[in-house]
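For reference, the structure discussed in these notes is given below.
The values are calculated or read from the model by the stated rules, or taken from the named source; none is laboratory data. Predicted model only: the values in this text are computed from it and were never measured. Cβ atoms come from the backbone with ideal geometry, glycine included; neighbour counts cover every protein chain shown.
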Amino acid sequence: MEQARETLRRVFGFADFLPYQEPIIRSVLDGQNVLGVLPTGGGKSLTYQLPALLRGGLTVVISPLKALMRDQVAQMRGVGIRAAGIHTGNAEPENREAERALEEGKLSLLYISPEKALQNGTARRLAAVRPNLLVIDEAHCISHWGHDFRPEYLRLGEFRAALGEVQTMALTATADRTTRAEIAAKLFAGRVRTFVASFDRPNLRLAMVPKIDGTRQLSAFVRGHPGECGIIYCATRARTEELAESLRRDGVDAFAYHAGMEDSRRNEVQDRFQSGDGIVVAATTAFGMGIDKPDVRFVAHADLPPDIESWYQEIGRAGRDRMPAETFTLYGLQDISLRRRQIAGSESDDDRKRVQHQKLEAIIGLCEAPECRRQTLLSYFNEDSGPCGNCDLCLGEAPKEDATVEAQKVLSAIWRTGQRFGAHYVIDVLRGTATELVLQRGHEGLKTFGCGADRGMPEWNTIILQMSAAGLVVPDITRYGVLTITDRGEAVLRGRETFQRRRPTLVRAGKRSRKAKIEATPSGDADAGLYERLRELRARLAKEAGVPSYVVFPDRTLHELAARRPTTMAALAGVHGIGEKKLARYGALFLAVIEEWEAGIGAVSGE
């Protein structure tokens, strides 16, 4: 690991590992199979890139994302690592050149798609080169319980076997306990060392706001981020076009992106976003999976996403450089109806639809959370947290009311029915609805039967969602959403704790309004004028090299340069993200801009 630290500093320009990177890399270097769950921005790629450098030989990376493979290859070549990709996103000569380099043993990293991996002859050709590490990115796609299940991923176990049971890493940003268990079983037969980092992204400010006038609310939010890159996710293609046009009328450099556009236009929008500054893209989920841009300063959702995992992965595209970034999610009753129709109309089997409905209920619960959003989010991923102070509920004054009695009624109904039923059945008991199932089980004779007849189904559903968000009950998606009572829930049931709920916000349009609290991102100690000069230089160098701006230097590096103002190459080498190759290539140019700026400041101040 001493050599790993030296390589980290010398090649990548990083002073230290991020959380969980070091133990994962140590396990890989020890020859172990690894399942790593690290949040977006948590440095998953480095956990295989660094071992590939240290051990030599070939590392094969399976990724479903052509754009991401292209960017990874560009970044690796930028720091002097021999890398290539073979996929349909490349021109044919580029693929032939990569295959020739593979056969001649000139590659350290090879990126291929799962479809390419499963083609006839691919495994045989790769086995002949004898790779020493196989990496499967976006590994949640293996699991039926994952939010983005892909059937072709199920065959990657066969591919691994064809390579001779090569040492394997499976990496993902989002996998709950059930998903992790299925990945381990299907890919490793259960024999794998698992690392699960915290899902917390403390640099992201979280805000979820009832939708009143979506276009106006989003325009106000974007105006709070002048000159910054951002993504706005929309549920429909038409909405992306409408929103991009509205933002352009406001003077924002905005573009639509969706699967119905011509390939050439989509590629143009993606390239402009990757390479430019101040670009805002209104997009469907077709955009973003292949985006590895570290300086996205905000991600907004014009419509409610289908589940927490998708939302978490999408907001994770903001602030990957670990600097402050904002998220802003709008939600309303129409969004929920749309998502339910989409599930009903999908080609998924009944079990999959059941899972999708339960995951939708979970994100509605997050929107309606009575307490800190980060606490609710981390609780979903089985983590404990105190109030974050960086979400709209912590920063604002969400109206609350005591709902201990209502919670006790729900908990009593769950307890008396044996903790064997989901929310819908529990609400039937509370409201005294004598359904056939209730009568079959004799639950019309319970003390709690009909004790909640004064409230309708939607209100009880909201109360249960907020109880779940507060950690009083836990729905088990592997058991048809069965509700079980937690220790905290038992404390409320026994009267040892109280339960405060937010007043309902999911109401018909026009009945209630609430303004989002949007605050400016702190600028730190960086000199804003110098920072802009450095950005101009970076943009010019990136354009000349035909690469995205962050491949030259990420925003964090420019901020440090503008704050510290180094004047020597030695001082420059101590800045985050400046390794040997980049120091030699760009150091003198950036020093010249800093020296010019300092001279100008001195002249103005009379020094």
Checklist entry - Among the residues of the range 67-75, is there at least one that is in a loop (DSSP other than H, G, I, E, B) and touching a helix residue (DSSP H, G or I) at 6+ places or on another chain (Cβ under 7 Å)? => result no
Next on the checklist: Residue pairs, Cβ under 9 Å, 6 or more apart or interchain, first in the range 257-283 and in contact (Cβ under 8 Å) with a residue 24 or more places away in the chain, second acidic (Asp, Glu) and assigned to a loop (DSSP other than H, G, I, E, B). List them.
Outcome noted: Gln274/Asp292; Asp277/Glu228; Asp277/Asp295; Gly278/Glu228; Val280/Glu228
Checklist outcome for this item: Scanning the range 434-474 residue by residue, those crowded, with 21+ Cβ neighbours inside 10 Å, out of contact with any strand residue (DSSP E or B) (no Cβ under 9 Å at 6 or more places or on another chain) and either farther than 19 Å from Arg416 by Cβ or charged (D, E, K, R) (or both) turn out to be Leu465, Ala469
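Residues checked against (1) in a helix (DSSP H, G or I); (2) surrounded by fewer than 22 Cβ atoms within 10 Å (Cβ to Cβ); (3) in the same structural domain as Ile183 (by TED's automatic domain parsing); (4) modelled with pLDDT of 85 or more:
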| residue | (1), (2), (3), (4) |
| --- | --- |
| Tyr111 | no, no, yes, yes |
| Lys116 | yes, yes, yes, yes |
| Arg125 | yes, yes, yes, yes |
| Ala128 | yes, yes, yes, yes |
| Gly146 | no, no, yes, no |
| Leu156 | yes, no, yes, yes |
Checklist entry - Among the residues of the range 285-303, is there at least one that is outside the structural domain of Leu38 (by TED's automatic domain parsing), farther than 25 Å from Gln75 by Cβ, among the β-branched types (Val, Ile, Thr) and buried (at least 18 other Cβ atoms within 10 Å of the Cβ)? => result no
Next on the checklist: Restricting to the range 570-579, and then to whatever is surrounded by fewer than 16 Cβ atoms within 10 Å (Cβ to Cβ) and part of a helix (DSSP H, G or I), can you tell me which residue is farthest from the chain's Cα centre (by Cα)?
Outcome noted: Ala570
Checklist entry - Say we look at the range 370-425 and pick out the residues that are without any contact (Cβ under 8 Å) to a residue 60 or more places away in the chain and not in a helix (DSSP H, G or I); which of these is nearest to Asp176 (Cα to Cα)? => result Asp384
Item to check | Hey, Asp30 modelled with pLDDT under 90 and either among the small types (Gly, Ala, Ser) or not assigned by TED's automatic domain parsing to the domain that holds Ser549 (or both) or not | outcome: no
Next on the checklist: If I filter the range 360-417 down to residues being under 20 Å from Ser198 (Cβ atoms) and among the hydroxyl-bearing types (Ser, Thr, Tyr), which single residue comes out as surrounded by the most Cβ atoms within 10 Å (Cβ to Cβ)?
Outcome noted: Thr376
Checklist entry - Taking the range 526-547 only, how many residues are within 26 Å of the chain's Cα centre (by Cα) and crowded, with 23+ Cβ neighbours inside 10 Å? => result 0
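The rows are residues; the columns are (1) of a type in the set (A, V, I, L, M); (2) more than 17 Å from Ile315 (Cα to Cα).
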{"position": "Asp351", "(1), (2)": "no, yes"}
{"position": "Val355", "(1), (2)": "yes, yes"}
{"position": "Gln358", "(1), (2)": "no, yes"}
{"position": "Gly365", "(1), (2)": "no, yes"}
{"position": "Arg374", "(1), (2)": "no, no"}
{"position": "Pro387", "(1), (2)": "no, yes"}
Item to check | Single residue of Gly85, Gly78 found to be assigned by TED's automatic domain parsing to the domain that holds Lys116, touching a Phe, Trp or Tyr at 6+ places or on another chain (Cβ under 8 Å) and more than 25 Å from Ala197 (Cβ to Cβ) | outcome: Gly85
Checklist outcome for this item: For the range 220-240 the number of residues that are assigned to a helix (DSSP H, G or I), under 23 Å from the mean Cα position of the chain (by Cα) and more than 23 Å from Pro294 (Cβ to Cβ) is 3
Checklist entry - Looking at Gln32, Gln49, which is the one that is crowded, with 24+ Cβ neighbours inside 10 Å and either of a type outside the set (Val, Ile, Thr) or in contact with an Asp or Glu (Cβ under 8 Å, 6 or more places away or on another chain) (or both)? => result Gln49
Next on the checklist: Filter the range 461-477 down to the residues that are in contact with a Gly (Cβ under 6 Å, 6 or more places away or on another chain) and either at positive phi or not in a strand (DSSP E or B) (or both) and list them by number.
Outcome noted: Leu465, Ser468, Ala469, Leu472
Checklist entry - Going by the conditions given, is Gly164 free of Cβ contacts under 8 Å to residues at least 24 places away in the same chain, in contact with a helix residue (DSSP H, G or I) (Cβ under 9 Å, 6 or more places away or on another chain) and either in a loop (DSSP other than H, G, I, E, B) or basic (Lys, Arg) (or both)? => result no
